[in-house]
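Here is the structure we will look at.
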Amino acid sequence: MSSDAVILDPRSGMQALIDALDTAGYRVLGPVLRDGVIVYDDVVSESAMPTGVRVEQGAGRWRVFQDARPERFSWTPGADSWKRFVFPARSEVLRIRRTDGSWTTGQPAAPDRPLALLGARDCEVRALGVLDTVMLGPNHPDARYAQRRADAFVVAVTCGEPSSTCWCTSMGGGPQPHDGFDLRITELSDHAGHRLLVQPGSDRGEQIMAVLPGSDAHNADIDSAAHVVQRSVDRLPVRLPGAELPALLAGSELHPHWDDVAARCLSCSNCTMVCPTCFCSSFSDHTSLDNDEAFRTQEWASCFQLDHSYLGGRPVRATTAQRYRQWLTHKLQTWTAQMGTTGCVGCGRCTTWCPAGIDIIEEARAVIGSQMVAARLQPVDVYVHPR
Amino acid sequence: MSGPTVAIWKFASCDGCQLTVLDCEDELLAIAAALDIRMFLEAGPAQMLDHYDISLVEGSITTAHDVERIRDVRARSGLLITLGACATAGGIQALRNTADIDACRSNVYARPEWLDTLATSTPIAAHVQVDHELRGCPIAKTELLATITALLAQRRMPISAYSVCVECKLAGNPCVLVAHGTACLGPVTHAGCAALCPSLGRGCFGCFGPSESVNLDGLRSAFGEIDVSDDVLVHLLRTFNTEAPEFSEASNRYRAAGPEGTTRRDP
């Protein structure tokens, strides 16, 4: 017997979990299959969540397959990540209004309900942790982000069906989250039947678990969950030595392979937009036609945009080769020194959602594989003003 | 009437961009209060002044008379801002640029000799200096309003030259190219439409023209992976922005690489 874990029915138990979170005051967000992709959105009913959905992912390719099987978490995440909810793609940060000659300043209201994120994989839980180090860092903490994150209830899910673009085990992760969640679900399907094993990761997770209509889990259930984890690990070969990447990529600034990538790269920004740790944003000002109201918005931005590196009258990274090199080496190399964590969690989104099918692993390998060439080259990006 | 004096001019075009001005229904009264619109034949005002603070120009240059008239407009204007694909790239009528104009004329008109036209359709910037361009077929109301309000507040005019893909991801759209295998020009197309077509499940038609950073050979390879032929790609590139330099160069090269029709496949 294991009283710190319960077994839930995959349908009625899921509904009970949604209801318990709703009753506790959360806005419950979960996976929904829409227009052929998994997105995260409000879920009120468990029937809105996928059942029997499988996903085939490859470089530049995503396809969904639906069958009659009852699994709730047999899909892998799509382009959408939880970033969209803790760090919205577009938000208003300030509004000022002129009335009778004086200005009043308003801050937009905080979201009315804290978020419950239902179905976060290990890569996604770790991505939130990486984003935290950036958004809550000591120099420029984002108060609105801090509020959303502190209040967010995370229901993590053990990954039982990793996709071919997944490479979490290379970047310090794995199929099963170990911290950073309030509850963790592992979907079991064996001779004892189809069921969800639910385990708490925090006090408030225990409080929610206490009201769920589950039975106590047995040691056989825990063993079955370990089997799920092992089965996934076996399908997740280590494809890059994550911890060694900063050293392996050092000095690669002028590597000829960046030009090779640039011939294929569309500079469309998709990789950065779908990345759950990319944090760049830009601010813009807007005014009303009568000039009596002004507001400022924040919007996701990308290092593939020319404006992103626009300094002193020109983009510092004017070529696609420079921009792709910036993106890859920031994720896999320089982020570590800058933030103290890795910038990549190995979720594979950048590879799947690249229209040109560029695989970050293959590109990193190509550069690392010929470091002897790169080592002889000098550092770069020394700007010479045109005369 | 107050604010800067404004003229809205039409050259070879369908009037869709001018109609987008009128489509600012909720904002029309505020626009009329903020701008002193003196010339806008589509809406009524027809005062020929020696000087307008701002000229908005729709359409492309297709006749000898147009060439003279745009120079006159330029001379009367403080800021000259072009509206839409015709004015910024020559429009869909620029398909004539690679065709036989005499054949076109006699195929379309019963009395072709009555028609006085140039062999080409060219953008406004090919003839006079343009201070700012709004892309699109037609322009986006949001970009028009953002431009007007920026001018009124003397702020930099905000144009996002990155790809439509960014707008799709901001909106949370599924990628029709990656997830559905649909031909989509989004990765090479200038933002501004808020990803209108992909938001409705269609591929982007490229009506805002090339983005700031275009790799059409890369897109061609990506199309190859989803079995979209050169023929389809060339058709997509040869629409509203057919004479935009990046689109034109690539479509001519892909057409030259294979005879038309031999690889045709419906998108």
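Values as computed for the structure displayed
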{"item": "Pairs, first charged (D, E, K, R) in segment B:120-144, second outside any loop (DSSP other than H, G, I, E, B) and surrounded by fewer than 19 Cβ atoms within 10 Å (Cβ to Cβ), C-beta under 7 Å, six or more apart", "result": "B:ASP131/B:LEU79"}
{"item": "Leading residue by the ranking (modelled with the lowest pLDDT) among those in segment A:57-76 that are assigned to a strand (DSSP E or B) and more than 19 Å from the chain's Cα centre (by Cα)", "result": "A:GLN66"}
{"item": "Criterion (assigned to a helix (DSSP H, G or I), assigned by TED's automatic domain parsing to the domain that holds A:GLN338 and open to solvent by 60 Å² or more (accessible area, probe 1.4 Å)) met by exactly one of A:ASP260, A:ASP285", "result": "A:ASP260"}
{"item": "Candidate set from segment A:112-121 (those that are under 14 Å from the mean Cα position of the chain (by Cα) and either open to solvent by 10 Å² or more (accessible area, probe 1.4 Å) or among the aliphatic types (A, V, I, L, M) (or both)); member that is farthest from A:THR76 (Cα to Cα)", "result": "A:LEU117"}
{"item": "Selected residue (only one of A:VAL32, A:VAL44, A:VAL37, A:VAL53 is aliphatic (A, V, I, L, M), more than 23 Å from A:ASP203 (Cα to Cα) and exposed (fewer than 15 other Cβ atoms within 10 Å of the Cβ))", "result": "A:VAL44"}
{"item": "Count of segment A:220-253 residues which are modelled with pLDDT of 95 or more and small (Gly, Ala, Ser)", "result": "5"}
{"item": "Residue list for segment A:154-182, restricted to those being open to solvent by less than 20 Å² (accessible area, probe 1.4 Å) and polar (S, T, N, Q)", "result": "A:THR158, A:SER163, A:THR165, A:SER170"}
{"item": "Single residue of segment A:67-80 satisfying the filter (touching a residue at least 24 places away in the same chain (Cβ under 8 Å) and open to solvent by 10 Å² or more (accessible area, probe 1.4 Å)) that is nearest to A:GLY357 (Cα to Cα)", "result": "A:ALA79"}
{"item": "Selection status of A:VAL198, open to solvent by less than 70 Å² (accessible area, probe 1.4 Å), outside any loop (DSSP other than H, G, I, E, B) and under 23 Å from A:VAL345 (Cα atoms)", "result": "no"}
{"item": "Residues (of a type in the set (A, V, I, L, M, F, W, C), open to solvent by less than 40 Å² (accessible area, probe 1.4 Å) and either more than 13 Å from B:GLY186 (Cα to Cα) or in contact with a Cys (Cβ under 9 Å, 6 or more places away or on another chain) (or both)) located in segment B:224-246", "result": "B:ILE226, B:VAL228, B:VAL232, B:VAL234, B:LEU236, B:ALA244"}
{"item": "Qualifying residue in segment A:48-56 (condition: closer than 22 Å to A:ALA152 by Cβ, assigned to a strand (DSSP E or B) and assigned by TED's automatic domain parsing to the domain that holds A:ARG148)", "result": "no"}
{"item": "Hits in segment A:146-195 (condition: under 15 Å from the mean Cα position of the chain (by Cα) and of a type in the set (Ser, Thr, Tyr))", "result": "A:THR165"}
{"item": "Counted residues, segment A:312-338 - those being more than 17 Å from the chain's Cα centre (by Cα) and part of a helix (DSSP H, G or I)", "result": "13"}
{"item": "Boolean, A:VAL39 is in contact with a strand residue (DSSP E or B) (Cβ under 8 Å, 6 or more places away or on another chain) and free of Cβ contacts under 8 Å to residues at least 24 places away in the same chain", "result": "no"}
{"item": "Selected residue (only one of A:PRO50, A:PRO10 is touching a Ser or Thr at 6+ places or on another chain (Cβ under 9 Å), closer than 30 Å to B:GLY181 by Cβ and away from chain B (no Cβ under 14 Å))", "result": "A:PRO50"}
{"item": "Tally, over segment B:94-129, of residues that are among the β-branched types (Val, Ile, Thr), assigned to a helix (DSSP H, G or I), open to solvent by less than 40 Å² (accessible area, probe 1.4 Å) and over 22 Å from B:ILE81 (Cα atoms)", "result": "1"}
{"item": "Criterion (of a type in the set (Val, Ile, Thr), open to solvent by less than 20 Å² (accessible area, probe 1.4 Å) and either modelled with pLDDT of 95 or more or not assigned by TED's automatic domain parsing to the domain that holds B:LEU83 (or both)) met by exactly one of B:VAL164, B:VAL214", "result": "B:VAL164"}
{"item": "Output for segment A:350-362, where each listed residue is open to solvent by less than 10 Å² (accessible area, probe 1.4 Å) and either farther than 27 Å from B:GLY203 by Cβ or in a helix (DSSP H, G or I) (or both)", "result": "A:THR351, A:THR352, A:ILE360, A:ILE361"}
{"item": "Residue that is most open to solvent (accessible area, probe 1.4 Å), among those in segment A:81-96 that are charged (D, E, K, R) and under 18 Å from A:CYS280 (Cβ atoms)", "result": "A:ARG90"}
{"item": "Single condition B:ALA183 does not satisfy, out of (1) touching a residue at least 40 places away in the same chain (Cβ under 8 Å); (2) in a loop (DSSP other than H, G, I, E, B); (3) facing another protein chain (nearest Cβ under 8 Å); (4) more than 18 Å from B:ALA161 (Cβ to Cβ)", "result": "(3)"}
{"item": "Single residue of B:ALA103, B:ALA94, B:ALA110, B:ALA99 found to be within 17 Å of B:GLU249 (Cα to Cα) and more than 17 Å from the chain's Cα centre (by Cα)", "result": "B:ALA99"}
{"item": "Members of segment B:127-154 that are more than 30 Å from A:ARG34 (Cα to Cα) and in contact with a helix residue (DSSP H, G or I) (Cβ under 8 Å, 6 or more places away or on another chain)", "result": "B:HIS127, B:VAL128, B:GLN129, B:VAL130, B:HIS132, B:GLU133, B:LEU134, B:ARG135, B:LEU144, B:LEU145, B:ILE148, B:LEU152"}
{"item": "Single condition B:VAL108 does not satisfy, out of (1) over 29 Å from A:ARG61 (Cα atoms); (2) not assigned by TED's automatic domain parsing to the domain that holds B:VAL21", "result": "(2)"}
{"item": "Residue tally, condition more than 13 Å from every other protein chain (Cβ to nearest Cβ) and either on the phi < 0 side of the Ramachandran plot or modelled with pLDDT of 95 or more (or both), over segment A:315-354", "result": "23"}
{"item": "Residues within segment B:148-161 that are open to solvent by 40 Å² or more (accessible area, probe 1.4 Å), within 18 Å of the chain's Cα centre (by Cα) and modelled with pLDDT of 95 or more, tallied", "result": "0"}
{"item": "A:SER102 vs. criteria under 30 Å from A:THR133 (Cα atoms), among the polar types (S, T, N, Q) and at pLDDT below 95", "result": "no"}
{"item": "Criterion violated by A:ASP4 - all others in (1) surrounded by 15 or more Cβ atoms within 10 Å (Cβ to Cβ); (2) more than 14 Å from every other protein chain (Cβ to nearest Cβ); (3) not in a helix (DSSP H, G or I) satisfied", "result": "(1)"}
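The values are calculated or read from the model by the stated rules, or taken from the named source; none is laboratory data. No experiment lies behind these values; they were computed from the predicted model shown. When we count neighbours, we look across all protein chains shown, and the Cβ atoms used for this are built from the backbone with ideal geometry, even at glycine. Areas reflect the complete protein model, heavy atoms only, side chains present, ligands, DNA and RNA absent. Shrake-Rupley method; radii C 1.70, N 1.55, O 1.52, S 1.80 Å.
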